[in-house]
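None of the figures in this text is laboratory data; all of them are computed from the coordinates on show. The structure presented is a predicted model; accordingly, all values stated were derived computationally and were not measured. All Cβ positions, glycine included, derive from the backbone under ideal geometry; neighbour counts span all protein chains shown.
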Amino acid sequence: MQASTVTLAFAAALLASLAVKLWLATRQMRHVARHRDDVPAAFAGTVTPEAHRRAADYTLAKGRFGLLGTAFGSMVLLGWTLLGGLDALNLLLRDAIAPRWGGLAYQLALLAAFAAIGGLVELPLDWYSTFRIEQRFGFNRMTLRLWLADLLKGAAVGAVVGLPLAALVLWIMGATGGLWWLWAWGAWVAFNLALLVLYPTVIAPLFNKFEPLPDEALKARVQALMQRCGFAAKGLFVMDGSRRSAHANAYFTGLGAAKRVVFFDTLLSRLSPGEVEAVLAHELGHFKHRHVLQRMLGIFGFSLAGLALLGWLSGQTGFYAGLGVAPNLAAPNDALALLLFMLALPPFAFFVSPLTAFFSRRHEFQADAYACAQADGRDLARALLKLHEDNAATLTPDPLYVRFYYSHPPASERLAALPRPAP
């Protein structure tokens with residue numbers, strides 16, 4: 001593999017993906033701004049002009065910030081690769097650590113340093129999003145102290161969980177020969193399955209409080225719904241989502257017998273019992289149609305293909321040189337290969353996103369239909385309207401932007417398929 005070929009392919013993918021992202025973002029912003037003052041006829045009796053304008057302004061503010069973030073991210077990616085950032089970091093750590101502590105210590109240090117620097121680079125953007133945009137529209141409930149505490153906890157969890165996994169994968173890459181990628185994939189799958197079991201009871205409580213659902217009437221209603229749907233869960237919990245944000249949500253977490261149903265307290269404070277039941281029925285629809293299993297198998301399949309590709313690329317000198325890094329001669333290159341692959345893949349994978357978004361939207365329609373069969377579809381429609389308004393989701397997105405990005409159908413399409421609620 002020629003280094004020049006790799007450089008040309010990567011640069012073309014990066015520029016093409018950046019151009020498409022910027023084009024789609026500006027289309028979305030122009031479309032939303034053009035319809036800012038006009039509530040769609042289908043929502044004229046249920047959405048106020050003030051709420052519609054607020055949603056448009058929120059979308060435009062996020063869009064403008066997203067343009068900056070997209071351009072900045074592309075520059076950072078270029079800096080890590082073709083401009084030599086990863087090569088410089090590698091030389092510094094390799095010469096300082098490898099001779100004294102060995103190849104594994106050097107490689108773990110390289111992965112940890114890359115993650116730390118990447119996190120610090122993105123920190124100002126995260127701060128601005130939280131304390132300027134989300135704050136401006138009344139969504140942020142976090143204090144600076146809580147934001148910093150979350151960052152420290154996240155870094156600690158990442159180190160405790162990520163470093164042992166990285167060490168295992170690096171050991172597999174160096175000890176199992178040409179088919180290392182197959183063994184590494186097996187370890188990665190096992191790790192993710194274990195994480196699904198451990199996350200609800202070990203990791204999530206580090207960041208939020210989870211209390212058993214106190215409303216006995218609602219609990220009985222939810223349990224009756226799950227019994228009708230043939231679904232078993234370990235418990236029903238309320239999460240203190242309002243501590244950080246005004247956004248509302250509900251989700252399932254865990255695997256097998258460890259599954260839990262979690263409601264944001266913001267959701268329970270906004271929706272009626274019937275609407276909560278309908279939202280939960282929608283989530284149960286994903287399980288009934290095996291969407292969760294399909295997505296998990298899809299992720300595992302793509303990861304296997306990706307690791308197989310990396311198994312080939314990691315043995316090609318041109319792969320390293322073409323992305324701005326000189327491969328090591330007296331130290332392992334496994335960590336370098338992992339980092340370069342993670343950096344180079346997104347510009348190419350970006351063009352697959354419309355396909356994954358299409359299947360996700362189709363799953364949402366199927367889950368809505370299931371919810372209408374198990375609960376009152378008018379309750380689901382009312383809940384979706386409230387959630388769209390509370391989350392300031394625009395009712396007039398650009399159609400092409402929707403097809404490329406939206407994992408959920410826009411409100412106009414989704415509500416058109418549901419029974420119309422009374423005003």
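Could you work out how much longer the chain between Asn208 and Ala16 gets when fully extended? Use 0.36 nm per residue separation minus the Cα distance between them, nm to one decimal.
Extending this stretch completely gives an extra 65.1 nm.
Quick one: give the max-minus-min coordinate of the C-alpha atoms of the chain along each principal axis, largest first, in Å.
Over the chain, Cα extents along the principal axes are 72, 49, 40 Å.
List the aspartates and glutamates whose Cα sits under 18 Å from the Cα of Lys21, skipping any in the same chain fewer than 8 residues away.
Filter leaves Asp398.
How do Met1, Met142, Met239 line up, fewest other C-beta atoms within 10 Å first?
In increasing order of surrounding Cβ atoms, one gets Met1, Met142, Met239.
What size of dipole, in debye to the nearest 20, comes out for the stretch 294-410 about its Cα centre when the only charges are +1 on Lys and Arg C-beta atoms and -1 on Asp and Glu C-beta atoms? Provide the component values of the computation, followed by the final result.
On the way: 7 positive and 8 negative charges, 36 e Å.
Dipole magnitude for the stretch 294-410 comes out near 180 debye.
Is there a quick way to get the dipole size of the stretch 253-352? I mean about its Cα centre, with the Cβ of Lys and Arg at +1 and of Asp and Glu at -1; what is the value in debye to the nearest 20? Mind dumping the intermediate values first?
Numbers: 6 positive and 5 negative charges, 42 e Å.
Dipole about the Cα centre, nearest 20: 200 debye.
Can you compute the charge dipole magnitude of the chain about its Cα centre, using +1 on each Lys and Arg Cβ and -1 on each Asp and Glu Cβ, nothing else charged? Give it in debye, rounded to the nearest 20. If you can, show how the numbers build up before the last one.
Values: 37 positive and 27 negative charges, 76 e Å.
That gives a dipole near 360 debye.
Would you work out which of Ala250, Leu18, Leu323 lies farthest towards the positive end of the dipole of the chain? Charges go on Cβ: Lys and Arg +1, Asp and Glu -1.
Ala250
Using Cβ counts within 10 Å as a stand-in for footprinting exposure, how do Trp181, Trp147, Trp23 rank, fewest first? Mind showing how you got there, number by number?
Values: Trp181 23, Trp147 15, Trp23 12.
Ranking Trp181, Trp147, Trp23 by Cβ neighbours within 10 Å, fewest first, gives Trp23, Trp147, Trp181.
Taking the alpha-carbon distance from Lys259 and a cut-off under 22 Å, which lysines remain once sequence neighbours fewer than 8 residues away in the same chain are dropped?
Lys209, Lys219, Lys234, Lys288
Under 14 Å from the Cβ of Leu355, count the other residues' Cβ atoms, weight Lys and Arg +1, Asp and Glu -1, and hand me the total. Intermediate results must be reported in sequence, preceding the final value.
Numbers: positive: Arg295, Arg361, Arg362, Arg403; negative: none.
Around Leu355, the surrounding residues sum to +4.
Give me the compactness ratio for the stretch 143-197, meaning the Cα radius of gyration over 2.2 N^0.38 Å. Present the calculation step by step, with values, prior to reporting the outcome.
On the way: Rg = 15.2 Å, N = 55, 2.2 N^0.38 = 10.1 Å.
So the Cα radius of gyration is 1.51 times the expected 2.2 N^0.38 Å.
In a shell of Cβ-Cβ distance under 10 Å around Ile133, excluding Ile133 itself, what net charge do Lys and Arg (+1) and Asp and Glu (-1) give?
Details: positive: Lys62, Arg64, Arg132, Arg136; negative: Glu134.
Overall, the nearby charge balance is +3.
How much of the pair distance distribution for the stretch 113-187 lies past 16 Å, counting alpha-carbon pairs only, in percent? Could you put the intermediate results ahead of the total?
Values: 1769 of 2775 pairs.
Everything past 16 Å amounts to 64 percent.
Considering only Gly103, Pro49, Ser353, whose Cα is most displaced toward the positive end of the charge dipole of the chain, charges sitting on Cβ of Lys, Arg (+1) and Asp, Glu (-1)?
Of the listed residues, the answer is Pro49.
Could you derive backbone 3J(HN,Hα) for the stretch 236-249 from the dihedral phi with the Karplus parameters 6.51, -1.76 and 1.60 (θ = phi - 60°), listing whole Hz in sequence and x where the residue is Gly or Pro?
Each residue's phi maps through the Karplus curve to give 10, 10, 10, 9, 7, x, 5, 5, 10, 8, 8, 5, 10, 6 Hz.
For the chain, with the dipole built from +1 on Lys and Arg beta-carbon atoms and -1 on Asp and Glu ones, taken about the Cα centre, which of Pro164, Gln227, Trp181 lies farthest toward the positive end?
In the chain, that residue is Gln227.
Using the membrane-span-like helix rule (whole DSSP H runs, Cα extent along the own axis of at least 18 Å, mean Kyte-Doolittle hydropathy at least -0.5), which helices of the chain qualify? Don't jump to the answer; show the numbers that get you there.
Values: long enough: 3-34 (46 Å, 0.86); 49-80 (46 Å, 0.13); 85-101 (24 Å, 0.38); 103-128 (39 Å, 1.23); 144-175 (45 Å, 1.66); 180-198 (27 Å, 1.53); 216-229 (20 Å, -0.13); 273-288 (22 Å, -0.05); 291-313 (32 Å, 1.39); 334-349 (22 Å, 1.92); 353-374 (31 Å, -0.35); 377-390 (19 Å, -0.59).
Span-like helices, by this rule, are 3-34, 49-80, 85-101, 103-128, 144-175, 180-198, 216-229, 273-288, 291-313, 334-349, 353-374.
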